[in-house]
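Step one of this worksheet: look at the structure below.
Bear in mind these aren't lab numbers, they're just calculated from the coordinates by the rules spelled out. In this text the structure is predicted, and so the values were computed from the model without any measurement. Here the Cβ positions follow ideal geometry from the backbone for every residue, glycine too, while neighbour counts run over all protein chains shown.
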Amino acid sequence: MRTVRIGAGQGFYGDSLLPVLDVARYGDVKYISFDTLAELTLAILEKGRRKDPAAGYTRDVVPMMRNLLPIAKEKGIRLITNAGGINPRGAARAVAEVARELGISLKVACVTGDDIYDRLDELAARGVTFADKETGQALGDIRDRVLFASVYLGAQVVADALATGADVVITGRTTDTAQFLGPLIHEFGWARDDWDRLAQGIVLGHLMECSGQVSGGNYQVGWEDIPDLHRIGFPVAEVSEDGSFVLTKPPGTGGRVDLKSVKEQFLYEIHDPTTYITPDVICDLTTTRLEQVGENRVRVSGTKGRPAPPTLKALLGYADGWMGEGYISFSWPKAYSKAKRAAEIIRARLEMQGVRPEEIHEEYIGINSLWGALAPEPVNEDQINEVRLRIVIRTRNKKDCEVLAREFPPLLLSGPPTASAVAGTPQPRELMGLWSTLIPRELVEPHVQIQVEEV
Amino acid sequence: MAKRIRLIDICHARSGDKGDASDIALFANDEAAWEIIRKHVTKERVAEYFRPVAAGPVERWEVPNVQALKFVVHGALGGGASRSLRSDNLGKTFAAALLRMEITVEE
């Protein structure tokens, strides 16, 4: 049976740029796929684009390509990424520019049509309500505050882009799994209704899309024994034409691929495991078989698929007020009590100045900043050497956030003793709400385009 | 004889986010652990455990092929990652919090 090898390059915007070089050099792969977009990433990119209209894509694609293109070109590896974010043309231009600088001839395909920001009124006129996907709640006055709107496109357009002969495929909001299923559709010519094979391709994509999280990273119990995380091997899959595959990693790298690491990623962020919905197929993950077949080798097979949904998910981001914060640390003795007293002082100071936040949240770093009310209260305060207080507020205006930040430094002189490390006055951040909704696919897919540029 | 155990003694887990929900998978270490968590780690129990930080409700699925329970805890992330005020705005540590939950089992 025909097989192809495919590797993972990055699991999010900001992921390490080093492991992909091992995948390219030693992974013996024909394709490397990058998933750079989480729900939150588009919000981050939108903030960037407002400062600079040429931005809006994941900017680390430039240094990444600078290191990777020479190896990829030499070995004939094709690269697929959704680094385009909300500006895929900008990303494609930037990658073409890198190729020019390096003197490498390159064919770059750029996929657009996922961005519906400029089409919201037109779509509304055609009957799209933009009701919340889960609650059915109407979009209402949020409409006027929308800052970006992107539809999740599936793997078919990635396969179509590869069919142009492109060395690099750059898209905007294609799904995480599309980066991986796309090359398989292209390679094996899987039909649009070959639901079981498509489902296997989605499981492959889902397992690989978070890079190191399937090969020994974030390994919850037993992490102490995972070797050489500093040189973790990003996942590589050996895929057969029937859709079954063996998940592994490049030889000589650290990390580990075993049943535990694969299981943890297998059910990661998928909600209902019987109905994992993607634009390409609906997968039943309760039908998948996982078997350890060797050291750092897990075989995955058997996933059943059902017909793709008639709608596509869209994610809208909207302005949702401001967030302000401040930090201060206290040392032994009674570090925690001092930090709590400091929080009382800050709250009173806000009230004295008429600042009434929509929400105020306090955390004691070292005690409960990650778990909040789920964290047990310390039994013996004398054993706590230091505590860092963080207070954070959400308000409708930026000024209130500045008032909060301004209140921390004075505590050094006029608060409880042994205060330190206020770290200046953090700048207020604009918050973005995210809104998920469903759009009939026939209103989106005719607008999808592939542009090819040759350098 | 009944005894109290913590889930970390018999399970591993991982959590992530989707909107304002925390998505947690709890994996039994072996067949015996699978029977225990199926019986004792109910939707109600998990909802009660997370109530101090999550408005709820909680959904639960059994995934027998990997001997796991999947939980989706709604209203758990302070409005969702992009507007949450919490340090752990993605609920990455909720899996560990669940592993600290105690259950009573028969010896």
At 10 °C in a medium of viscosity 1.306 mPa s, the range B:1-55 has a Stokes-Einstein diffusion coefficient, with Rh taken as the Kirkwood radius over alpha carbon pairs, in µm² per second, of 126
Placing one identical point scatterer on every Cα of the range A:64-152 and ignoring solvent, what is log10 I(q)/I(0) from the Debye formula at q = 0.15, 0.16 Å⁻¹? -0.69, -0.73
Please state the relative contact order of the range B:10-102 as a whole percent: Cα pairs under 8 Å, 6+ residues apart? 37
Extreme residue, positive dipole direction of the range B:10-102, given options B:Pro52, B:Ala96, B:Gly78 (C-beta unit charges): B:Gly78
Relative contact order (%) - the range A:181-294, alpha-carbon pairs under 8 angstrom, separation at least six: 24
With a Cα-only, solvent-free Debye model of the range B:10-102, what are the log10 I(q)/I(0) values at q = 0.13 Å⁻¹? -0.39
Hey, what number do you get for chain B at 222 nm if only DSSP H runs of n ≥ 4 count, each worth -39500 (n - 2.57), divided across all residues, to the nearest 500? -6000 deg cm²/dmol
For the protein assembly as shown, take every pair of Cα atoms, bin their distances at 20 Å starting from 0, and report each bin as a whole percent. 20, 52, 26, 2
Convex hull over the alpha-carbon atoms of the range A:316-434: what's its volume per residue in Å³? 100
Please tell me the relative contact order of chain A in percent, rounded to the nearest whole number, where contacts are Cα pairs under 8 Å and at least six residues apart. 17
Taking the Cα centre of the protein assembly as shown as origin, sum charge times position over the Cβ atoms of Lys and Arg (+1) and Asp and Glu (-1), and report the length of that vector in debye to the nearest 20. 900
Any chance you could list the semi-axes, whole Å, largest first, of the equivalent ellipsoid that the Cα gyration tensor gives for the range A:1-153, using √(5λ)? 34, 17, 14
Taking the Cα centre of chain B as origin, work out the dipole magnitude from +1 charges on Lys and Arg Cβ and -1 charges on Asp and Glu Cβ, in debye rounded to 20. 340
Summing +1 for each Lys or Arg and -1 for each Asp or Glu, what net charge is found among the other residues whose Cβ lies under 11 Å from the Cβ of A:Val281? -1
Straight-distance crosslink candidates among lysines, where the alpha carbon sits under 24 Å from A:Lys51 and sequence neighbours closer than 8 are dropped: A:Lys398, A:Lys399
Compute, for the range A:316-434, the length of the dipole vector about the Cα centre, with Cβ point charges of +1 (Lys, Arg) and -1 (Asp, Glu) only. Units Debye, rounded to 20. 280
Counting Lys and Arg as +1 and Asp and Glu as -1, what is the net charge of the other residues whose Cβ lies under 12 Å from the Cβ of A:Thr253? +2
With the Cα gyration tensor of the range A:125-270 giving a ≥ b ≥ c as the square roots of its eigenvalues, does the rule (a/c under 1.5 for rounded; else a/b larger than b/c for prolate; else oblate) give rounded, prolate or oblate? oblate
Arrange A:Leu290, A:Leu412 by Cβ neighbour counts within 10 Å, fewest through most, would you? A:Leu412, A:Leu290
Which distance in Å, rounded to a whole number, links the C-alpha centroids of the range A:384-455 and the range A:211-270? 32
Within chain A, which is the longest segment that contains none of the GluC sites (Glu not before Pro) sitting in a DSSP loop with at most 16 other Cβ atoms within 10 Å? A:1-133
